[in-house]
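The structure appears right after this line, and notes come after that.
Each value in this text was obtained by applying a stated rule to the coordinates, not by laboratory testing. Note that the coordinates shown come from a computational prediction; the quantities given were computed from them, not determined experimentally. Counting neighbours? That spans all protein chains shown, and the Cβs are built from the backbone with ideal geometry, glycine included.
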Amino acid sequence: MNKPLNAGDALQPKSKFRPLSVNQVEVGGFFGPRVDVIATTTAKLLFDRCIEARMLEQVDPDLPNPGVVIPFDHGNTVTTQMFWDSDFGKSIETAAYALNRKRDEELEARVDDVIDAYGRLQAEDGYLNSWYQRIQPGQRWTNLRDRHELYNAGHLIEGAVAYYHATGKRRFLDIMCRYADCIERTFGLDADKKRGYPGHPELELALVKLGRVTGEQRYLDLAKFFVDERGKKPNYFDQEAVARGDKPEDFHFSTLEYCQAHKPVREQREVVGHAVRAAYLYAGMADVATEFSDDSLNPALEALWSHLTDKNLYVTGGFGPSKDNEGLTFDYDLPNASAYAETCASVALVFWASRMLGREPDARFTDVMERALYNGALSGISQDGTHFFYDNPLESHGNHHRWRWHRCPCCPPNISRLIASIGTYFYGLAEDELALHLYCENTADIEVAGTKLGIRQETRYPEDGRIAVTLQPETPVEFTLALRVPGWARGFSLEINGEASKIAPDKGYLRIRRQWQAGDRIALDLKMEPEMLYANPKIAPDQGRMALLRGPFVYCVEETDNAAPLNAYVIKDGTPVTLDRAKGLDGAVALKVDATVESQPTDALYSGTPPQRAAASLKAIPYYLWDNRAPGEMLVWLRREA
């Protein structure tokens with residue numbers, strides 16, 4: 001078995017912050033049990049349900065061809081069956097992280113069987129796409145805009161990189177390197193190459209991972225080509241449509257804003273179109289900006305980030321309010337009951353935010369990453385790891401529940417791979433600096449400033465804000481340790497080896513440079529208190545309302561703990577909020593707040609007298625935990641009065 005490479009073993013220029021590999025971090029604390037659920041339950045379940053959906057029949061050339069299983073949609077343009085390779089890719093990636101957590105011979109054998117099927121399917125020139133090889137042969141590279149061809153390749157590559165890190169096995173990595181080489185021979189600026197790019201961005205992220213793990217610059221160069229070429233004139237997607245006999249104006253979604261190909265990326269300033277595609281693209285842009293020190297991407301990235309977070313982001317870290325395009329509509333359009341806020345969009349936002357940290361530690365990005373992770377993303381999977389949300393409303397009348405599977409099952413493996421690889425988001429590593437982005441009980445083994453270093457976080461975060469960090473360098477070593485102070489913290493204290501330190505935050509990070517000795521201990525205490533949050537009045541559905549937060553968590557009220565209708569409760573500004581425990585949710589921290597509840601003495605639909613009010617109290621639980629108990633109403637934004 002080959003020894004897996006770690007992040008930074010290849011292509012590690014100075015002053016670029018890279019994540020650690022999954023095999024470098026042992027996760028405990030809050031996320032440890034959740035990783036265990038993925039490892040023991042969800043990873044196997046994903047394979048069961050993929051195979052039940054007949055995906056393996058499409059991939060394995062030794063099995064009878066299933067034909068078209070899922071009907072075409074969008075004017076007979078696409079079927080979600082075209083995306084099956086991506087579902088398998090994410091499921092393999094999830095399994096890889098599960099195997100890293102807990103070796104399971106049965107699961108590993110199942111993954112190897114699927115990898116072998118892909119190996120048998122792969123064409124002599126390296127091409128690998130089960131739809132175009134088995135269902136519609138002869139049509140490869142004819143519809144990049146709609147049919148996820150390069151997106152599928154990206155997810156398979158990410159699965160291969162993860163499987164290599166977790167197991168040391170090279171077979172899948174070698175298969176996907178051959179496919180990446182095929183793609184590189186097909187796309188580029190040379191006269192004999194196509195100047196296309198992914199309709200659904202994702203391959204850009206995968207190629208950066210592939211370049212880092214293999215040390216092959218050409219994969220990074222290909223990622224940069226796809227970013228640079230997107231949206232240039234003449235537009236490739238329009239040319240492609242004409243070449244296959246279609247009219248560009250007949251595009252189902254009407255505008256290339258849907259796939260962020262309406263203008264070159266450096267000219268884009270507003271987040272538009274499909275939410276997941278958008279965040280994947282921006283994550284790819286951030287990766288390219290980091291890898292190539294390309295400052296020309298920064299104005300677009302900064303403007304896009306501001307446009308999303310200042311005008312279009314749900315308080316839960318979800319975005320994309322519309323079911324019609326699974327994405328953006330207009331600024332401040334953030335309905336609650338009808339919110340789409342796809343789980344994959346929050347996962348993609350975590351990806352984007354983490355890659356914005358590739359240039360330097362900056363809590364603007366980490367705070368949003370944390371908010372999206374703990375709320376909009378984590379809500380996408382049930383406590384037992386068996387059911388999933390596709391969309392994540394902020395209000396429910398009792399009829400919105402997680403489902404077992406979906407004809408477009410992108411979200412289950414996406415949230416699963418994020419949770420199972422969560423340790424890779426804790427740290428950012430540069431040549432002589434280590435940034436702690438997220439806090440959770442863990443141990444990690446890294447190399448910084450040329451010296452091997454063990455690091456341990458001891459904390460009950462996010463239950464409370466106390467974090468202890470112990471460093472164990474092999475020899476004394478000088479480097480900068482950067483500790484994040486979240487934007488929600490209402491104060492903090494810092495001690496180094498028991499002595500108080502008055503370091504001021506720099507872009508939200510306490511950057512401590514010194515020569516570190518074995519056993520050095522840093523104690524960070526973040527002041528974590530419940531708070532009431534108020535929305536901009538331009539968000540019409542939230543006018544006259546407030547939300548409850550504590551630490552990284554957004555809270556909601558459920559009918560299980562409070563009598564319906566939940567909109568009958570009113571909370572006075574400044575009312576004290578106290579801590580409690582949630583029933584049936586593994587003792588999660590709940591919040592209690594006094595309120596009044598309105599009622600009418602009759603059942604008349606309308607009345608000439610104002611409603612009566614009585615004293616009451618509300619109990620709130622972390623939003624990500626809703627719909628894990630009895631069905632009923634749920635509400636994030638609560639009525640308020642001054």
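Once R0 is set to 35 Å, what does the formula 1/(1 + (r/R0)^6) return for the Cβ-Cβ distance between residue 36 and residue 563, expressed as a FRET efficiency to the nearest 0.05?
Given R0 = 35 Å and the Cβ-Cβ separation, E is 0.50.
Which entries in the list 169/323; 311/592; 224/507; 44/247; 193/323 go over 32 Å, if you measure between the two C-alpha atoms of each?
169/323; 44/247; 193/323
Go through 237-250, 624-637 and give me the packing order, highest mean Cβ count within 10 Å leading.
In descending order of packing, they fall as 624-637, 237-250.
Mind checking the dipole of segment 28-425: about its Cα centre, +1 per Lys or Arg Cβ, -1 per Asp or Glu Cβ, Debye to the nearest 20?
Details: 45 positive and 59 negative charges, 49 e Å.
Rounded to the nearest 20 debye, it is 240 debye.
Please report the relative contact order for the chain, taking Cα pairs under 8 Å with a sequence separation of at least 6, and give it as a percent rounded to a whole number.
In percent, rounded to a whole number, it is 13.
Return the percentage of antiparallel bridges among DSSP beta bridges fully within segment 488-642, rounded to the nearest 5 %.
95 percent
Need one number: % antiparallel among DSSP beta bridges in the chain, to the nearest 5.
Within the chain, antiparallel bridges account for around 90 percent of the total.
Using 0.36 nm per residue of separation minus the Cα-Cα distance, give me the extension gain between residue 578 and residue 470 in nm, one decimal. Write down the numbers at each step before the final one.
Values: separation 108, 0.36 × 108 = 38.88 nm, distance 3.22 nm.
Full extension from residue 578 to residue 470 adds 35.7 nm.
What residues have an amide H closer than 5 Å to that of residue 381, excluding those fewer than 5 places away on the same chain, when H is modeled at 1.01 Å from N in the peptide plane?
The list, which skips near neighbours in sequence, is 389.
With the contact rule set at Cα under 8 Å and sequence spacing of 6 or more, what percent relative contact order holds for segment 128-227?
30 percent
Kindly write out, for segment 537-553 in residue order, the coupling ³J(HN,Hα) from the Karplus curve 6.51 cos²θ - 1.76 cosθ + 1.60 (θ = phi - 60°), rounded to whole Hz, with x marking Gly and Pro.
Each residue of segment 537-553 in turn: x, 5, 8, 4, x, 9, 4, x, 9, 9, 10, 9, 9, 8, x, x, 8 Hz.
Expressed as a rounded percentage, what relative contact order does segment 428-526 have, with Cα pairs under 8 Å and six or more residues apart?
29 percent
Karplus couplings for segment 62-79 from phi (6.51 cos²θ - 1.76 cosθ + 1.60, θ = phi - 60°), rounded to Hz, Gly and Pro as x?
7, 9, x, 5, x, x, 7, 8, 10, x, 5, 9, 6, x, 6, 8, 9, 9
How do 214-221, 309-316 rank on mean C-beta neighbours within 10 Å, highest first?
By packing density, highest mean first, the sequence is 309-316, 214-221.
Output ³J(HN,Hα) for segment 325-331: one whole-Hz value per residue in order, computed from phi by the Karplus curve 6.51 cos²θ - 1.76 cosθ + 1.60 with θ = phi - 60°, and x for Gly and Pro.
3J(HN,Hα) across segment 325-331, in whole Hz: 10, 6, x, 7, 10, 9, 4.
Whose amide H sits under 5 Å from the amide H of residue 327, counting only residues 5 or more places off or on another chain, with H placed in the peptide plane?
275, 322
Suppose the chain between residue 62 and residue 186 were pulled fully straight at 0.36 nm per residue; how much longer would it get relative to their current alpha carbon spacing? Spell out each step's value before the answer.
Working: separation 124, 0.36 × 124 = 44.64 nm, distance 2.79 nm.
Going from the current span to full extension adds 41.9 nm.
So what's the gap between the Cα centers of segment 245-306 and segment 66-114, to the nearest angstrom?
27 Å
Where does the chain land at 222 nm, in deg cm²/dmol rounded to the nearest 500, when only DSSP H runs of n ≥ 4 count, each adding -39500 (n - 2.57), divided by all residues?
So the helix-based figure for the chain works out to -9000 deg cm²/dmol.
Under 18 Å from a label point 7 Å along Cα→Cβ of residue 103: give me every residue in segment 142-164 with its amide N that close.
Those under the cut-off are 163-164.
What size of dipole, in debye to the nearest 20, comes out for segment 92-171 about its Cα centre when the only charges are +1 on Lys and Arg C-beta atoms and -1 on Asp and Glu C-beta atoms?
Numbers: 12 positive and 13 negative charges, 25 e Å.
Once rounded to the nearest 20, the dipole reads 120 debye.
Suppose R0 equals 51 Å; then what is the FRET efficiency for residue 478 and residue 332 from their Cβ-Cβ distance, rounded to the nearest 0.05?
0.60
Which whole-angstrom value gives the distance between the alpha carbon centres of segment 169-206 and segment 398-416?
Distance between centres, Cα-based: 29 Å.
For residue 480, what residues show an amide H to amide H distance below 5 Å, using hydrogens built from the backbone and excluding near sequence neighbours?
Answer set, sorted by chain and number: 433, 434.
Counting other C-beta atoms within 10 Å, which of 253, 226 has the fewest, and how do the rest follow? Walk me through the numbers before you get to the answer.
Values: 253 17, 226 24.
In order of increasing Cβ crowding within 10 Å: 253, 226.
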